[in-house]
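Peer 1: First, the structure itself, so that you have it in front of you.
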Amino acid sequence: MNSDQLLKIVELYSRKSETGFGEITVTRIPDWKTMFVEQVDGGRVVTMTEYKVDGNTYWAGFSTRSQTVFISQAG
């Protein structure tokens, strides 16, 4: 997933609280997280990228293993 696709998902999540986009699941994690350890097959670190939407800051990352976007609000 590229950064434009991830930004679109973050925008939709922040404006409509969408939690699914086809086969992709969106999971909210605690605020201010810039990395997330996904507990699949022994654990995997998902590195988050900062996105700004409507004056709010979010950190988001995508796991190819679970087809999940993890979102953390930062401001």
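FYI, it's all coordinate maths here, none of it is from the lab. These figures come from a predicted structure and were not determined experimentally. Methodologically, a virtual Cβ is constructed for each residue, glycine included, from the backbone with ideal geometry; neighbour enumeration extends over all protein chains shown.
Peer 1: Considering segment 24-59 alone, what residues qualify as being of a type in the set (A, V, I, L, M) and within 15 Å of residue 10 (Cβ to Cβ)?
Peer 2: 24, 26, 29, 46, 48, 53
Peer 1: Tell me which residues, restricted to segment 45-57, are touching a Gly at 6+ places or on another chain (Cβ under 9 Å), of a type in the set (Val, Ile, Thr) and in contact (Cβ under 8 Å) with a residue 24 or more places away in the chain.
Peer 2: Matches in segment 45-57: 46, 49.
Peer 1: If residue 70 satisfies all but one of (1) surrounded by 15 or more Cβ atoms within 10 Å (Cβ to Cβ); (2) of a type in the set (Phe, Trp, Tyr); (3) more than 17 Å from residue 1 (Cβ to Cβ), what's the number of the condition it fails?
Peer 2: The one condition residue 70 does not meet is (3).
Peer 1: Here is a further query. Does segment 13-26 contain at least one residue that is of a type in the set (Gly, Ala, Ser) and in contact with a strand residue (DSSP E or B) (Cβ under 8 Å, 6 or more places away or on another chain)?
Peer 2: Yes; the residues of segment 13-26 include at least one that is of a type in the set (Gly, Ala, Ser) and in contact with a strand residue (DSSP E or B) (Cβ under 8 Å, 6 or more places away or on another chain).
Peer 1: Of everything in segment 16-44, what is of a type in the set (D, E, K, R), out of contact with any Asp or Glu (no Cβ under 7 Å at 6 or more places or on another chain) and touching a residue at least 12 places away in the same chain (Cβ under 8 Å)? Give them in sequence order.
Peer 2: Hits for segment 16-44 are 23, 28, 31, 33, 38, 41.
Peer 1: Would you check which residues across segment 5-44 are of a type in the set (D, E, K, R), more than 11 Å from the chain's Cα centre (by Cα) and under 19 Å from residue 65 (Cβ atoms) and list them?
Peer 2: 23, 38, 41, 44
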